[in-house]
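Below is one structure, written out as C-alpha cells, with a few remarks after it.
The values are calculated or read from the model by the stated rules, or taken from the named source; none is laboratory data. These figures come from a predicted structure and were not determined experimentally. Reconstructed Cβ throughout: ideal geometry from the backbone, glycine too, with neighbour counts over all protein chains shown. Keep in mind that these areas ignore ligands, DNA and RNA; they rest on the heavy atoms of the full protein, side chains included. Shrake-Rupley method; radii C 1.70, N 1.55, O 1.52, S 1.80 Å.
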Amino acid sequence: MAAEEKKEELERNSVKEKARLRLREFDVGDRFSHLPLARAAVLLPLMVRAGKLHLLLTVRSMQLRRSPGEVCFPGGKSEATDKDEIDTALREAKEEVGLQLEKVEVVCRLVPGIDKMNYLVTPVVGFIEDTFQPTPNPDEVSNVFVMPLEYFVKPLNYQTVPYKTSSGYHGRMHSFTYDDPEHKMSFRIWGLTAHFAVFLALVIFRRRPTFEIDYDLDSLISSSENYFMNLYASVYERKKSNI
C-alpha cells in the first residue's frame, strides 16, 4: 500500500510540475494593474485527482443581487487592505469557501478580463490539495464542485454565443454544460468564468480545442494579450465618451 501511495504522490507531483512550468511562462505579474479600471480578482484553484488536473468552482447564492445561481470562481472586488490581486483572490476564497491562505500554492497571474460591470478581473492560479473540504458561506455560495480541466478543451456539451459589449466590442462567449457525477447535477459554465477556464486549459495542455477560439495557438501569449488590449481599448473609449 505504501508503495502505491508513493507512486501516486510522484505522479501527482509530476503533473503539478509540468503545469507550473507552463503557467510561469504566462505569468503577467502586475503588468496590467495600472489600468484605470476598478479592480477585482478570482482564484482558479487547481488540484490533481486520479492523475489529472481538476478545477474547483462555486455556485453563487440565490440571495445575491448580482448573477445569482451562476457558476464562478471564488473571488470579488479588491479592497483597500489588499496589496495586490493575489491578496484579493485569496481573501475572497477564504471568505467564500473556507480555503486557508497557507493551503494555496500561488503559481501565477494570467491575462485579465473585463466583466460586464467594467471591472478589471485578474485570474490568480493556485494549487490546492485534492483533500480540501470546502465550507461554503451560505450568504455567498450555494454549492461547490470540482471538474476536470480537460473538459475546457474537449467538452461533451458546448455552445458558443456571439455577444456585443456595452462599449460595442464583438466577441465569442463559451458556454459549457457539465454533468457532475458527484452531485448528480448539471452545471453551466459560461461568460468570463468559462473564458478564464478555457485559457487556463490552453496554456497547460497546448492542445487545440474541439471548438473555435479567439487566439492564435502558435503565439498564445501575444495573441491573448492583444485580445485583451483590444477589449480594454473599446471599454476605455466608451468610458471617455461618457465623461
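Things to note:
- Members of LYS6/LYS77; LYS52/LYS184; LYS18/LYS103 lying beyond 31 Å, as alpha-carbon distances in this model show: LYS6/LYS77
- Shape call, the range 90-144: gyration tensor on alpha carbons, a/c limit 1.5: oblate
- Residues of the chain: accessible area per residue with a 1.4 Å probe, Å²: 52
- Of all stretches in the chain that contain no trypsin sites (Lys or Arg not before Pro) in a DSSP loop with at most 13 other Cβ atoms within 10 Å, the longest one is 117-183.
- Relative to its Kirkwood radius, the Cα radius of gyration of the range 1-143 gives an Rg/Rh of 1.00.
- The SER223 and HIS170 beta-carbon pair, evaluated with R₀ = 25 Å, returns a calculated FRET efficiency of approximately 0.90.
- Within the accessible area of the range 79-146 (1.4 Å probe), percent carbon and sulfur: 50
- Helical runs assigned H by DSSP (4 residues or longer) give the chain a calculated mean residue ellipticity at 222 nm of -10500 deg cm²/dmol, each run adding -39500 (n - 2.57) before division by the residue total.
- Value of relative contact order over the chain, rounded to a whole percent, pairs C-alpha under 8 Å and six or more apart: 19
- Taking a point 7 Å out from the Cα of GLU17 in the direction of its Cβ, none of the residues of the range 104-119 has a backbone N less than 14 Å from it.
- Dipole check for the chain: with +1 at the C-beta of Lys and Arg, -1 at the C-beta of Asp and Glu, and the Cα centre as origin, the magnitude is about 680 Debye.
- Of GLU17, GLU140, the residue with the largest accessible area leads and the full order is GLU17, GLU140 (1.4 Å probe).
- Once the C-beta distance of ASP179 and GLU212 is scaled by a Förster radius of 25 Å, the resulting FRET efficiency is 0.60 to the nearest 0.05.
- Counting only DSSP beta bridges with both residues in the chain, the antiparallel share comes to about 80 percent.
- With semi-axes defined as the square roots of five times the eigenvalues of the C-alpha gyration tensor, the equivalent ellipsoid of the range 55-99 measures 20, 12, 8 Å, largest first.
- Hits among lysines - C-alpha to C-alpha of LYS164 under 20 Å, sequence gap 8 or more where chains match: LYS116, LYS239, LYS240
- The aspartates and glutamates whose alpha-carbon is closer than 17 Å to the alpha-carbon of LYS154, local same-chain residues fewer than 8 away aside, are ASP179, ASP180, GLU212, ASP214.
- GLU212 accessible area, 1.4 Å probe, all protein chains in place, Å² to nearest 10: 130
- About its Cα centre, the dipole of the range 11-106 is roughly 340 debye, where the only charges are +1 on Lys and Arg Cβ and -1 on Asp and Glu Cβ.
- The range 64-181 - Debye-derived log10 I(q)/I(0), Cα point model, q = 0.24 Å⁻¹: -1.59
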